[in-house]
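Here's the structure we're looking at; comments come further down.
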Amino acid sequence: MICLGIESTAHTFGCGIISSKGKILANARKLFTTEQGGINPSEAKEHHESFKEEVVDSALKEAKLNVSDIDLISFSQGPGLAPSLWVGRNKAVELAEQNDIPIVGINHCIAHLEIGKLKSKARDPVLLYCSGANTQVIAFESGKYRIFGETLDQGIGNFIDSFARHIGLGFPGGPKIEKLALKGKNYVGLPYVVKGMDVSFSGILTNLKRKYDSRSYKTEDLCYSLQETVFAMMVETAERAMAHCGKKELVLGGGVACNKRLQEMCKIMCGERGAKFFAPENSLLVDNGAMIAWQGILQRKTASKNYSEMHVHPYERTDDVSVDWCE
Ligand code: ATP
Ligand code: FE2
């Protein structure tokens, strides 16, 4: 069976094609970026409208397939920005309806987790999901993916992007902050905000902005200290979830997980606990269509041809989804 998956929750329009054996045949994407400032939802929607045909065509070309070779279509149903989600949903329904292919809607956060499981062959991991809008420590318990810890305010990527925007860097800010952090040598004290299993970033953001505006610190040192502080918070909560659930595998997911320092800190923590650590390649960490296609394969039993009933779920939570594909 071959599934074509469409991703469009936020800034990325992606189309991935995968076989039921987990072979990725294509993973095309187009990212909405800015030189300065963040994402405006209606601009992201316009971006997706302009590139949707090109991205789907290039995925089919990369896979050397025609639409008639596709057995199943999946799309990101949520959570995400409603205007962006509708572009992906409409493209997926159009392709499915025109070619009489069953379709299935996917939870984006769970797709981040399952592609990590596929690639790592982990059986029952804790997932540290660090993306723009989402920051969650997730594990499978009693029939659902449960959130053991999460951000109480903004997502870690949005926090990093907000600081990047404050210092004049465009979107996405994460990779630029990572580069600057490599040049930082002095740790500048920042609030460390872990409340039980949850984390919070807004106070740290205010503190960082004030420090930057005071001109008393080197930008590189602030970027370095930002990473050391918030990544330590994430690693602490992930470790506590592993200890609590007795799980011995950690899988990273989400765009922020591309950060080499975060990966290194997770690796050290897992090494010390005798646990296995896995970070998928960057193209599968960031928003992408291949993970949506793989999740489509996992949920193929719930696919249907009731095209008009396909909606988007901008606020769907990871623990809203009933999971019937795990052992
Ligand atoms: P979600 O809908 O799952 O919340 P998202 O739409 O925010 O995801 P992702 O592609 O998963 O999208 O993540 C994008 C985020 O990842 C941006 O905030 C970006 O700055 C951040 N990012 C990308 N690369 C790095 C990096 N090397 N270091 C830190 N952050 C990074
Ligand atoms: Fe994502």
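The values are calculated or read from the model by the stated rules, or taken from the named source; none is laboratory data. Just so you know, these numbers come straight off a predicted model, no measurement behind them. Neighbour counts are summed over all protein chains in view; Cβ atoms, including those assigned to glycine, are modelled from backbone coordinates with ideal geometry. Just the protein is used for accessible areas: all its heavy atoms, side chains included, with ligands, DNA and RNA removed. Shrake-Rupley method; radii C 1.70, N 1.55, O 1.52, S 1.80 Å.
Scanning region 120-138 for residues that are in contact with a Phe, Trp or Tyr (Cβ under 7 Å, 6 or more places away or on another chain), under 29 Å from Ile160 (Cβ atoms) and surrounded by fewer than 24 Cβ atoms within 10 Å (Cβ to Cβ) gives Ser120, Ala122. Quick one: is Gly274 under 17 Å from Ala122 (Cβ atoms) and away from ligand 1 (no atom under 15 Å from the Cβ)? So Gly274 passes the test.
Output yes when any residue across region 305-316 is more than 30 Å from Asp100 (Cβ to Cβ), of a type outside the set (D, E, K, R), open to solvent by less than 70 Å² (accessible area, probe 1.4 Å) and within 16 Å of ligand 1 (Cβ to nearest atom), and no when none is. Within region 305-316, none of the residues are more than 30 Å from Asp100 (Cβ to Cβ), of a type outside the set (D, E, K, R), open to solvent by less than 70 Å² (accessible area, probe 1.4 Å) and within 16 Å of ligand 1 (Cβ to nearest atom). Residues that are under 21 Å from Ala293 (Cα atoms) and hydrophobic (A, V, I, L, M, F, W, C) were ranked within region 33-65; the one that is most open to solvent (accessible area, probe 1.4 Å) is Phe51. Here Phe13, Phe75 are screened, and the one residue that is of a type in the set (A, V, I, L, M, F, W, C), over 15 Å from Ile297 (Cα atoms) and touching a strand residue (DSSP E or B) at 6+ places or on another chain (Cβ under 8 Å) is Phe13.
Go through the residues of region 133-154 one by one and say whether even a single one is part of a strand (DSSP E or B), without any contact (Cβ under 8 Å) to a residue 60 or more places away in the chain and within 27 Å of Ala243 (Cβ to Cβ). Looking for residues that are part of a strand (DSSP E or B), without any contact (Cβ under 8 Å) to a residue 60 or more places away in the chain and within 27 Å of Ala243 (Cβ to Cβ), one finds at least one in region 133-154, hence yes.
Yes or no, residue by residue, for (1) open to solvent by less than 40 Å² (accessible area, probe 1.4 Å); (2) under 22 Å from Ala122 (Cβ atoms); (3) assigned by TED's automatic domain parsing to the domain that holds Phe277; (4) among the hydroxyl-bearing types (Ser, Thr, Tyr):
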| position | (1), (2), (3), (4) |
| --- | --- |
| Val188 | yes, no, yes, no |
| Val199 | yes, no, yes, no |
| Thr206 | no, no, yes, yes |
| Ser225 | yes, no, yes, yes |
| Leu262 | yes, yes, yes, no |
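Residues in region 240-256 that are under 14 Å from Lys119 (Cα atoms) and either of a type in the set (A, V, I, L, M) or within 16 Å of ligand 1 (Cβ to nearest atom) (or both) were compared, and the one that is nearest to the chain's Cα centre (by Cα) is Gly253.
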